[in-house]
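Right, one structure below, let's go through it.
The values are calculated or read from the model by the stated rules, or taken from the named source; none is laboratory data. Bear in mind that the values here come from a model prediction, so they are computed numbers and not experimental data. Counting neighbours? That spans all protein chains shown, and the Cβs are built from the backbone with ideal geometry, glycine included.
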Amino acid sequence: MSIVKKKMPEVTIYMYGSTPPLPGDIPFDYQHLGLLGLQECNRLYNRCEVGLCLSASNPSRIPFEMMAAGLPVVEFWRENNFYDFHDDSIMLSLPTPESLALAMMQLLNDAEQRRTMSGAAVQFMQSRPLTHESQQFITATNHILAGEQPERGNHTPTYRRPAIVAPSVATQQDVLYAISLAYSTRLAFLPTPVRKFLSQCLQFVRHIVSS
């Protein structure tokens, strides 16, 4: 966000949540809106140009809310996000500050791309109402309580675009990380122990390259 604000000082950055950052903790100008209800979030998303969410494990609910409101979203290009989003409805970036900033600025500078993503995101979310997540959780819980194996989700990546990478700062390790993620998604059909072993091998190679 510091990079975006430095290169595009006219951009207004909004944050929200229960606890505002302490003075001096955030190195750029922003507006903290405090706790927001669902409708207040929707109004915020409607007046913004780009939404940023960083899901490092399972996908957060926030990008889905932003997409339902028609807000173009930038997220992490990680395997956990390859199975719940589609190519046209979101933009996934390599998890580095420079690459995330590049993705946001690309959208901020391209109104046509924002309109295309907004329409695709709304269409994508029409079949995913707020009750969809709750019903999936209830169904999985009932299977577990009954001693049954919960239904497993989709194993085919639905997001296939390459990561947004800031070329001027992409290191050899960054590129290897992106390749290893792409490679691992193609092995989704393999048993979990085999996938874990291959993932450990890739991590070992990355460590050797970076050392």
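Odds and ends about this structure:
- Which listed residue is under 24 Å from Glu112 (Cβ atoms) and not in a helix (DSSP H, G or I), from Asp87, Asp29: Asp87
- Comparison of Pro72, Pro27, Pro63, Pro21 shows that the only residue that is surrounded by 21 or more Cβ atoms within 10 Å (Cβ to Cβ) and more than 30 Å from Lys196 (Cα to Cα) is Pro72.
- Hits in the range 59-84 (condition: part of a loop (DSSP other than H, G, I, E, B) and in contact with an Asp or Glu (Cβ under 9 Å, 6 or more places away or on another chain)): Pro59, Ser60, Arg61, Leu71, Pro72
- From the list Ala140, Ala103, Ala68, Ala120, the one residue that fits, being farther than 24 Å from Lys5 by Cβ and within 15 Å of the chain's Cα centre (by Cα), is Ala68.
- In the set (1) out of contact with any helix residue (DSSP H, G or I) (no Cβ under 6 Å at 6 or more places or on another chain); (2) of a type in the set (S, T, N, Q); (3) modelled with pLDDT of 95 or more, Ser18 fails one condition alone, (3).
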